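Readers should treat all values here as calculations from the given coordinates under stated rules, not as data from a laboratory. Note that the structure is a prediction, hence the values are computed from the model and not measured. A quick note on method: Cβ atoms are made from the backbone with ideal geometry, for glycine too, and the neighbour counts reach across all protein chains shown.
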Amino acid sequence: MIRIDTNGSENDSLNGGKVMKKRFLSVLTVAVMAAATILTGCSGTQTAATTAAPAATESKSDAATTEAAKAESKTEAKAGDKKEIVVGFSQVGAESDWRTANTESMKSTFTEKNGYKLIFDDAQQKQENQLKAVRNFIQQDVDYIVIAPVTETGWDTVLQEAKDAGIPVIIVDRMINVSDDSLYTAWVGSNFLQEGYDAVGWLDEYLKKTDRADKDINIVTIQGTIGSSAQIGRTNGVEEKMKDHAKWKMLERQTGEFTQAKGQEVMESFLKTYNNIDVVIAENDNMAFGAIDAIKAAGKTCGPKGDITVISFDAVAAAFDSMIAGDMNVSVECNPLHGPRVSEIIGKLEKGETVEKIAYVKEGVYPADTAAAEKPKRQY
Amino acid sequence: MKKMGKLDGKVFLLIITIVLFVAMYLAGIIIFNSKGFAKPQVFLNLFISNAGLIVIAAGMTMVMITGGIDISVGSVVALACMMLAWMMEIKGMGAVPALIIVLIMGLVFGLIQGYLIAYLKLQPFIVTLAGMFFARGMTAIISQDMISIKNELFLQWAKSKINLPFLGGAVNKKGVVNYPFIYPSVIIALVILVLVFVVLKYTKFGRTVYAIGGSEQSALMMGINVRRTKLYVYVINGFLCALGGFLFCLNTCAGFVEQAKGFEMEAIASAVIGGTLLTGGVGNVFGSLFGVLIKGTIETFITFQGTLSSWWTKITIAALLAFFIILQSLFAKAKEKR
């Protein structure tokens, strides 16, 4: 309200007419009211949060020395299991179902009920937004910073700031590329190499079950975006384990860039080149859907009852639908539910224990015959 | 009174912007006091995170004062970052020559756009739209992959903290004393801002820029070389874009095709919120600085709040923009009446 007054007096010095003055005032009033609504909108939810926060989170600006403060914070940590742990989480965005599930997992893990307070920030796919968010987390004196990085690079400066402030950083999903490994405490994510192993393991079992273990098997692979950690891990995992199977032959590998359209295109060209494909490995579900469309369009069949076996990765909800429909044979999970694993790490750090630098999440293999039973249990 | 009357539009719009910023910041301090919004570092972070944007908004303000616009800036920033990363990491060049080449690229880019706009009388929007596509395309041609900058000298520039202990240190929960700090990029940005301000306000060139924006016809009749002035404005703007790209890159330390998308719109929004008229003739780089700071404050609000979707930043900026253009149109009408 004070603002209106100052602006009003400002108007007095203008030589515009009285009508103009009134119009300015009305516009200003509306704007200030709008701003006030936004601010109180924030503060409304905010007051609840602040009152919920225990006194322990108040900054101790009056601490005499660093040593004293250190001792104090230690005793506090010991004294209170009830102390609320503040976690700042900077998420990439909401570009896919997988990502949304990842966010939900974090939100449902870091609840007040579990003794956490989560500060969530959506970076809208922009690295610069993530840098801003992390800087704000540091100023808010959070206990832990969790980052699902948009990019692998550019983290040196801001993570150094976090380190200087003594705040542990946990990276989830994508790995980051920093000059100094001590800039982050732990990484939580998928073991893509293991996913590759699992895919081969499943195929081996499946061929034994269908009495084709001693037959020649021709395989094609639709790879993900070249250079992405998922592509590298899955391709290498499959390649390594294939060495144990002399009868299996990889006809060709091509990238489908993780998209359905490109996956379909690549499969079409494979089908034109080779007429003896037994197995197609798609390095994510979307490309598998594209491949299935291409197979059907070429007049062939796929799935458990078809000519071509379709192996996929990620195991998103749509993949289960595809398996139930009898199109896809198996999907190897890429688990987005990182929350519990991160919470486990934080629990250990709180007790002063050391943690593994690399922590993988548990991932399963979901074949078509169990798809209908598994689907209702899936969270994403 | 008479003096105030003469200054009315410009000063009034600027004052509103500053008052709005101060009010928002005070509100933040009151609402988020327990979370540490009042720390000096929160304020300094506005500059650290937006150093590049401050420089680019200054260039944009100058262009807009002439009545033009430049929507290529975001792409030029991406191109500058990619060129820096590519030259240093793939070609093994030193940080200094790489920076010089990038700045020259900016000058040339501005020269071409400026020539097309000033001498061939093409629409700034269309010319810079082409520039936008061209720069983004070139960025992808150089490399589709993300290039991480590991050049030691560059990282030294990026990482050397300048502590400001006189602003008071704070002990955080972990018992670590933190002094407020800035990076060299902030100093560069502020120096550039002051330079652009001085040039616009106190040089003959600066006054011609305002004159052209006010009315190109009368500027011509006054014997001002309109074409040459416009060309210079776009050349300077191109240079500032490349420099802003460098500052942006000091923050992100990487070259990447998707970088700085929508940056041009943030620069335009900052200038408008800062009191620059889209029709030209009115504008102040310090206003644009406050425009940038307001944007930064809204973003800080959202992170401190912790549960709001970060898209509220965009919605709030939309509301502010609407508010400021309504104000501007009221001023334009007031001017006509006189």
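General observations
- Contour excess over end-to-end distance, with Cα ends at B:Lys201 and B:Leu107 and 0.36 nm allotted per residue: 31.6 nm
- Other protein chain Cβ atoms within 10 Å, averaged over every residue that makes up B:309-316: 4
- Between B:Val19 and A:Ala317, the modelled label-to-label distance comes to 5.0 nm, taking each label 7 Å out from Cα in the direction of the beta carbon.
- Inter-site label distance for A:Glu112 and B:Glu258 at 7 Å from Cα along Cβ, in nm: 3.4
- Estimated from helical segments only, the mean residue ellipticity of chain B at 222 nm is -24500 deg cm²/dmol, where each DSSP H run of four or more residues counts as -39500 (n - 2.57).
- Cβ-defined net charge surrounding B:Thr229, 14 Å radius [Lys, Arg +1; Asp, Glu -1]: +4
- Too-long pairs where the Cα-Cα distance tops 27 Å, listed order kept, from A:Lys362/B:Lys159; A:Lys107/A:Lys375; A:Lys132/B:Lys91: A:Lys362/B:Lys159; A:Lys132/B:Lys91
- Each residue of region B:263-275 is assigned a 3J(HN,Hα), and the resulting list reads 5, 4, 5, 5, 5, 5, 4, 4, 5, 5, 4, x, x Hz, derived from the Karplus form 6.51 cos²θ - 1.76 cosθ + 1.60 (θ = phi - 60°), x at Gly and Pro.
- Label point distance in nm, A:His245-B:Ile29, each placed 7 Å from Cα along Cα→Cβ: 6.8
- Zone of A:Asn276's modelled label, taken as backbone nitrogen in region A:198-240 under 11 Å from a point 7 Å along Cα→Cβ: A:216-219
- Under 14 Å, Cβ to Cβ, from B:Gln144 - net charge with Lys/Arg +1 and Asp/Glu -1: -2
- FRET efficiency, 1/(1 + (r/R0)^6) with R0 45 Å, evaluated for A:Asp307 and B:Leu220 via beta carbons: 0.05
- Within region A:297-327, backbone nitrogen closer than 18 Å to the virtual label 7 Å beyond the Cα of A:Ser269 toward Cβ: A:298
- Dimensionless Rg ratio for the protein assembly as shown, taking C-alpha atoms and the 2.2 N^0.38 Å reference: 1.08
- Protection-proxy order for peptides B:32-44, A:357-369, each taking the mean of Cβ atoms within 10 Å per residue, highest first: B:32-44, A:357-369
- What the Cα convex hull of region A:192-334 gives, in volume per residue, is 91 Å³.
- Backbone N within region A:309-353 under 19 Å of label point (7 Å from A:Asp211 Cα along the Cβ vector): A:309
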